[in-house]
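Note sheet for the following structure.
Please treat every number below as a calculation from the coordinates, not as lab data. All values reported here derive from a predicted model rather than from experimental measurement. Methodologically, a virtual Cβ is constructed for each residue, glycine included, from the backbone with ideal geometry; neighbour enumeration extends over all protein chains shown.
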Amino acid sequence: MFQIGDVEIKNRVVVAPMAGISNSAFRLTVKEFGAGLVCCEMISGKGIEYRNQKTIDMLYIDEKEKPLSLQIFGGEKETLVEAAKFVAENTTADIIDINMGCPVNKIIKCEAGAKWLLDPNKVHDMVKAVVAAIDKPVTVKMRIGWDDEHVFAVENALAAESAGGSSYSHARADACTNVRRCRKLGYLARCKKSD
């Protein structure tokens, strides 16, 4: 068993959020197979702000899925704060996760996802604002960096932690390269040592 904030999780099997896959039916299925924590696919902060019906429908949570982490994304601190507040007030999600790892063009062109990785100070300010706005644990999912010249894995992890983030997870690559190279260079071990 382990905890994220005040949320107890029965085992360390955590199913990552996957766009187009991590819907309620999928989450219930992996719960039946013993997953300790399931994560909702990333939800657009702008979609929540505009009350887009498709986005609102994605917020559905079956009580059998719990504990559940709901992931939001957005390119502006204010959008993420409002999205987190809406999720906290209108769903039974146990944890709010902020996506800082998606490298897809339609996400990064609006300054969201992996684009956050370029500025640890912005990461700190955004996580701090979200943490202050809600009474649920806030976590972040990030990559080691943007590219070879912008690898801020440790700085971003420390920024999220000092801002009150309850946990962070790393995708094992930067936004522009492959997994094998990142493992070889030992970025994850360096992040772990900074804890």
Rounded to the nearest 10 degrees, the helix 77-90 long axis (Cα) sits at an angle to the longest Cα principal axis of the chain of 30 degrees
Trypsin sites (Lys or Arg not before Pro) in segment 41-143 lying in a DSSP loop, each with at most 15 other Cβ atoms within 10 Å of its Cβ, come to Arg51, Lys109
With a Förster distance of 22 angstrom and the Cβ-Cβ distance between Asn105 and Met18, calculated FRET efficiency to the nearest 0.05 equals 0.75
Expected max-MSF residue from Ala132, Ala153, Ala114 in the GNM of the chain (alpha carbon, under 10 Å) is Ala132
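Go ahead and run the numbers for FRET between Glu78 and Ile56, Cβ-Cβ distance against an R0 of 25 Å, rounding to 0.05.
Efficiency, from the Cβ-Cβ distance: 0.80.
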Hull volume per residue for the chain, using the convex hull of the C-alpha atoms, in Å³ is 114 Å³
So the angle from the long Cα axis of helix 120-133 to the longest Cα principal axis of the chain, reported in degrees to the nearest 10, equals 20 degrees
Per the rule of 0.36 nm per residue minus the C-alpha distance, extending Ala25 to Glu63 adds in nm 12.5 nm
Per the Cα gyration tensor, segment 46-121 corresponds to an equivalent ellipsoid with semi-axes, largest first in Å, of 22, 14, 11
